[in-house]
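The values are calculated or read from the model by the stated rules, or taken from the named source; none is laboratory data. Here the structure is a predicted model, which means the values were calculated and not measured. Using ideal geometry, Cβ is built from the backbone for each residue, glycine included, and neighbour counts are taken over all protein chains shown. Please note that ligands, DNA and RNA were not included when accessible areas were found on the heavy atoms of the full protein model with its side chains. Shrake-Rupley method; radii C 1.70, N 1.55, O 1.52, S 1.80 Å.
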Amino acid sequence: DHFGEYGIDDLDGLADAKLTVARLVHGDGRLVLNADDPLLRAKAPGLAGRLGCRPRIAWFAADSRLPLLETARAAGGATCGSLAGRLVLHHDGVGHDLGDIAAMPLAAGGAAAFNVANLAAAALAAAALGVAPGSIARALAGFGSRPEHNPGRLMRFERDGVQVLLDYAHN
C-alpha cells in the first residue's frame, strides 16, 4: 500500500522504510518481527549497524517450532507461534498457552492465517508492555466476537443460514 510513494518501489525498500520504527525501541523494549518473512530475517542482523544499537527482537511465526524461534527462546528471547493448534507465548523464559487458535474470533476458525500472525504479534507487544499472559489470553479469546470491537474489519454475520463476511479492505 506504499509502493510508488517516496521512492519505495520494491519490497526491500518497503521493509527498510517500515524498519525505521526500530529507532524508537528504547532500553528494555522489544521490536516485534515476523520470523516467517525471509526479508525481515535477513535484515534483522544488520539493524545494529543501521541504528547504532541493536534492539531486542521478539519473533513470531506460524509454527512455534521454527528454528529461529527455538534459537531465540534458548537465548532468553520472547517468541509467539502456534503449536498443535494453540497459540503459545514464550516470555521471560516461561511458556504460556494463550488458547485454541480456532476459537479466537479474529482467527476465523484458524482460516485467517494473517490474523493469527497479527494475534501472535499483538501478544508479544502486550507481553513486552507488561500485560499478564492471562489477560492477553482473555483478550485474544474475545476480541472480534462483537461488531463494535473492530468496526468494518473481518465482521462475520449469519442471516437465514448464510454466512456473511464483511471487511473494509482499505488496501
Completion exercise
Taking a ≥ b ≥ c as the square roots of the Cα gyration tensor eigenvalues, with a/c under 1.5 meaning rounded and otherwise prolate when a/b beats b/c or oblate if not, the chain comes out oblate
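Mind running the shape call on the stretch 81-151? Use the C-alpha gyration tensor, a ≥ b ≥ c as the square roots of the eigenvalues: rounded below 1.5 for a/c, prolate if a/b tops b/c, oblate otherwise. Provide the component values of the computation, followed by the final result.
Working: a/c = 1.97, a/b = 1.35, b/c = 1.46.
Oblate shape, in that a/c is at least 1.5 and b/c is the bigger or equal ratio.
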Practice task
Would you mind getting the accessible area per residue of the stretch 24-171, heavy atoms of the protein chains only, 1.4 Å probe, in Å²?
Solution key: 55 Å²
Exercise for the section: Go through the stretch 67-76 residue by residue and turn each phi into a ³J(HN,Hα) via Karplus (6.51, -1.76, 1.60, θ = phi - 60°); whole Hz please, and just put x for glycine and proline. Expected result: x, 4, 5, 4, 5, 4, 5, 4, 8, x
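Over the chain, what is the percentage of antiparallel beta bridges among all DSSP beta bridges, to the nearest 5? Don't skip to the answer; put the middle values down first.
Working: 17 of 26 bridges.
Approximately 65 percent, going by the DSSP bridge assignments.
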Problem - Other-chain or far-sequence residues with amide H under 5 Å of Gly99's (modelled H) - result: Leu87
Problem - With every protein chain in place, the stretch 71-171: carbon and sulfur % of accessible area (1.4 Å) - result: 58 percent
Fill in the blank from the handout: The answer for Asp36, listing residues at least 5 apart or on another chain whose modeled amide H is closer than 5 Å to its amide H, is Ala62
Completion exercise
For 161-168, 116-123, ranked highest to lowest by mean beta-carbon neighbours within 10 Å, the order is 116-123, 161-168
Practice task
Just check the stretch 119-171 against the gyration tensor rule for me: Cα atoms, a ≥ b ≥ c as the square roots of the eigenvalues, rounded for a/c under 1.5, and otherwise prolate or oblate depending on whether a/b exceeds b/c.
Solution key: prolate
Practice task
Give me the distance between the Cα centres of the stretch 24-73 and the stretch 78-128, rounded to whole Å.
Solution key: 17 Å
Fill in the blank from the handout: Mean-square fluctuation maximum in Gaussian network of the chain, Cα pairs under 10 Å, restricted to Ala58, Ala127, Ala42, hits Ala42
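Using Cα pairs closer than 8 Å and at least 6 residues apart in sequence, work out the relative contact order for the stretch 43-91, in percent. Walk me through the numbers on the way to the answer.
Working: 59 pairs, mean separation 14.0, N = 49.
The value is 29 percent.
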Problem - Dipole-positive endmost among Gln163, Ala78, Phe114 within the stretch 46-171 (Cβ charges, Cα centre) - result: Ala78
Handout entry: Loop sites in the stretch 1-84: chymotrypsin sites (Phe, Trp or Tyr not before Pro), DSSP, at most 12 other Cβ within 10 Å
Key = Phe3, Tyr6
